[in-house]
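Student: My structure is below; once you've seen it, I'll send some questions.
Where a number appears in this text, it was derived from the coordinates with a stated rule and is not lab data. Quick caveat, the model's predicted, so the values are computed rather than measured. Positions of Cβ are generated from backbone atoms using ideal geometry, with glycine treated the same way; all protein chains shown enter the neighbour counts.
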Amino acid sequence: MKTDHNEKYVASVIARLQRIAVDVRPPAPRPTGRYDGPPPIATFDTATMTNVRGFELSALDERVMLEVPDGGQYLRIEGEGFVALKKIAAEMVVKCELADVVSFAFVEDALFDYRIAAFKSSEWNSPIEQLEKRVEESVQDCSFSFPLSGSRGNRAFVFCGVDFQPDCAEFRQYLVSFLQCDNAPEAERLANQRTAEEWSDRFGQSMWASVNITAEPQHAKELALQHVTDATHLLRALCFAGYHPTRHVAIVPGAPFFEPNLTLATVGGASSYYPDPAAKPELVWFGEDFLASLYELGLKHIDNLFRKESKSEMEDLCLRALITLGSVAGMSDVSDKVVYGCTALDMLYSRDQEPILATMPKRLATEVGVDLADRKKILAVVKAVYGLRSGRVHGGRAAELNAQTRDFFLYLFNLAMRLPFIASRHETQAQYIGSLEDRMLGGQVADAPPRRARPIK
């Protein structure tokens, strides 16, 4: 946490907090009517609930009010005051470098408690010092492990700061602990046995992804899931099996190993069932050969790019495009794959105030096309598929399965292999697009990335 802030900034935070009004609300009146129902199981005295905050949520599930009991009354911040409190909290998350340590709600709660304490005591100490103390008391070293659906293997590896393992010792320990309960009541013993069986069936064959994070525990859990999700997106971006209209590579953190769709049918009086899913999920085996092929396609370059603390505009853009392409490889619906695939292309090759179909397809064709005939084909395919994208987004029509959609996803795979190398050659999107325009005018062919990271025909 960054704490060496200018005194003027600290004074401005205090001044803004002083302007936030605290409303004093009397307790709700007790009911006076006669009650003939059963006796209550428990009663609560609000005077003892000094650490319990009340809150209200908007229709968007955002907090719009906080209050805390104070004797027989309530102290509340709401309306414009709470909006101002949220703005100060969001600002402090950035200025104190807390985004990867605590949540926005954590800082909001800290500022709320600070304002209530000042209201009751009229003492205005540094809110940043109090926040620092609260962060130090809350932050812990945390470790999280997630099973990965649709993936097995016998090879451990580290990618984007995530430890991928073919098994999880902690998971096995839980299974053992569920079964070692002979002295427990019968109902509890049977429940634990069912849990162990369900866990073993749903997650027992999966690869696992583990990550260590130092943060406030609840926020750490959210950060860990997002970290592993981004890593699996980037991993899928180089999985060729996901670039097919009717197939996908799952590798979803926390999801069961394999859970097919089920259809029950009665035809002519005979009953049957169909356990196969509509779109075929590819089972990924992480072995020596597969990992070697991923590294040849650029996995190490993606890993280095992800780990960089300071990224150029083009490095950040290529990383976000790879995450989007990894999403495409993990989707089972062809319409969704088309929409997100076009999103990745728009992200890379479109600029404001430019006609998309007059520029984006040419730039992609220049990047991944191997010769003039190939680039002309890419141009036609991308324009046709972009029409399917518009039909889906604006008209709700399903994308058509045909040779053009199949070729479109092949072009996306070719692009995914090139993005780590594109990121290292250009600082900005303007420079990259400028180089593509120069190559179009000069008839130059793009430099192919090393080894297998070259366009596939």
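Student: What order, most packed first, do the peptides 334-343, 181-190 have when packing is the mean number of other Cβ atoms within 10 Å of each residue?
Tutor: Result, highest mean Cβ count within 10 Å first: 334-343, 181-190.
Student: Near the amide H of TYR74, under 5 Å away, which other amide H atoms are found, from residues 5 or more places off or on another chain, if H is placed in the peptide plane?
Tutor: The answer is ARG25.
Student: Got a sec? Charge dipole of the chain, +1 on Cβ for Lys and Arg, -1 for Asp and Glu; which of ASN6, GLY391, THR195 is way out at the positive end?
Tutor: It is GLY391, whose Cα lies furthest towards the positive end.
Student: Ok, one more. Treating only the Cβ of Lys, Arg, Asp and Glu as charged (+1, +1, -1, -1), what charge dipole size does the chain show about its Cα centre? Round to the nearest 20 debye.
Tutor: On the way: 51 positive and 61 negative charges, 348 e Å.
Around 1660 debye, computed over the chain.
Student: Another question, then. Report which label in (1) 139; (2) 160; (3) 267 holds the value of volume of the Cα convex hull per residue in Å³ derived from the coordinates of this structure.
Tutor: The value computed from this structure is option (3).
Student: So, one more: Can you tell me the FRET efficiency between LEU57 and GLU296 if r is taken as the Cβ-Cβ distance and R0 is 51 Å, rounded to the nearest 0.05?
Tutor: 0.55
Student: Using the structure shown, list the pairs from LYS311/LYS377; LYS308/LYS377; LYS221/LYS311; LYS120/LYS221; LYS86/LYS300 with a Cα-Cα distance above 31 Å, or answer none.
Tutor: LYS311/LYS377; LYS308/LYS377; LYS120/LYS221; LYS86/LYS300
Student: Based on the alpha-carbon gyration tensor of the range 130-268 and its eigenvalue square roots a ≥ b ≥ c, which shape applies: rounded if a/c is under 1.5, prolate if not and a/b is larger than b/c, or oblate?
Tutor: Judged from the Cα gyration tensor, the range 130-268 comes out oblate (a/c at least 1.5, b/c at or above a/b).
Student: Also: Simple spin-label model, 7 Å along Cα-to-Cβ: SER312 to ASP438 in nm?
Tutor: Here the modelled spin labels are 1.3 nm apart.
Student: Which of the peptides 5-13, 323-331 is most tightly packed, and how do the rest follow, judged by the mean count of other Cβ atoms within 10 Å per residue?
Tutor: Result, highest mean first: 323-331, 5-13.
Student: Show that you can apply the helix-only estimate: for the chain, add -39,500 (n - 2.57) for every DSSP H stretch of four or more residues, divide by all residues, and state [θ] at 222 nm to the nearest 500.
Tutor: Estimated from H runs of four or more residues: -17000 deg cm²/dmol.
Student: Shape of the range 348-448 from its Cα gyration tensor (a ≥ b ≥ c, root eigenvalues): rounded if a/c is under 1.5, otherwise prolate when a/b > b/c, or oblate?
Tutor: Note, shape of the range 348-448 comes out prolate.
Student: Let me ask something additional. Looking at the square roots a ≥ b ≥ c of the eigenvalues of the Cα gyration tensor of the range 232-308, which shape do they give, rounded for a/c under 1.5, prolate if a/b is larger than b/c, or oblate?
Tutor: Verdict is prolate for the range 232-308.
Student: If I take every Cα pair under 8 Å that is 6 or more residues apart in the chain, average their sequence separation and divide by the length, what percent do I get for the relative contact order?
Tutor: Result for the chain is 13 percent.
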